[in-house]
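Structure record follows, encoded as structure tokens.
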Amino acid sequence: MGRLKLGAAIMTTGWTDTSSNPSWASMRDVALSAEQVGFDTLWVADELLTESKDWEEPAGWWECVAVMAAMAEATDSVALGTWVLSALHRSPGLTVKVAETIDEISGGRFIFGLGAGHSARQGEAFGFPSDKVIGRYEEALE
């Protein structure tokens with residue numbers, strides 16, 4: 001039997017319940033601590049906003065690609081993954097460049113995750129058409 005793989009989500013619900021993002025310094029501390037105690041992977045979500053039941057005051061997220069690149073530079077051994085890059089709000093060509101760049105910065109530790117993205121209020125809040133989710137995902141996969 002193989003070794004148990006341990007992963008941690010860097011932007012967790014606990015951090016976003018306060019309607020604010022954690023500071024880069026606190027995210028870096030979590031990443032370095034997770035690496036030090038033996039976690040195998042760190043994951044960052046590509047979310048535009050956090051969903052709340054009442055949606056009165058949606059909370060934003062830091063941009064996933066920028067956070068991934070910073071974590072790639074700050075850490076030495078832990079694998080880094082996108083949970084997941086959104087095909088709805090990223091062009092396929094730019095997504096490939098992003099993945100290639102983060103993989104280079106991380107020394108090959110990047111785990112590429114791709115998803116369709118959110119079509120509901122998150123996408124609409126940033127002007128992404130909710131009727132294009134599947135088509136954009138198919139285009140990205142091609």
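Accessible surface ranking for Val67, Val37, Val84, 1.4 angstrom probe, highest first: Val37, Val84, Val67. How large is log10 of I(q)/I(0) for the range 94-142 at q = 0.22, 0.24, 0.27, 0.31 Å⁻¹ when the intensity is taken from the Debye formula with one equal scatterer per alpha-carbon? Listed by q, the Debye log ratios stand at -0.82, -0.88, -0.95, -1.06.
Residues Trp43, Trp61, Trp24, Trp83 ordered from highest to lowest accessible area at a 1.4 Å probe: Trp83, Trp24, Trp43, Trp61.
The values are calculated or read from the model by the stated rules, or taken from the named source; none is laboratory data. The structure displayed is predicted, hence computed values, not measured ones. We work out accessible area using only protein heavy atoms, side chains counted, and drop any ligands, DNA or RNA first. Shrake-Rupley method; radii C 1.70, N 1.55, O 1.52, S 1.80 Å.
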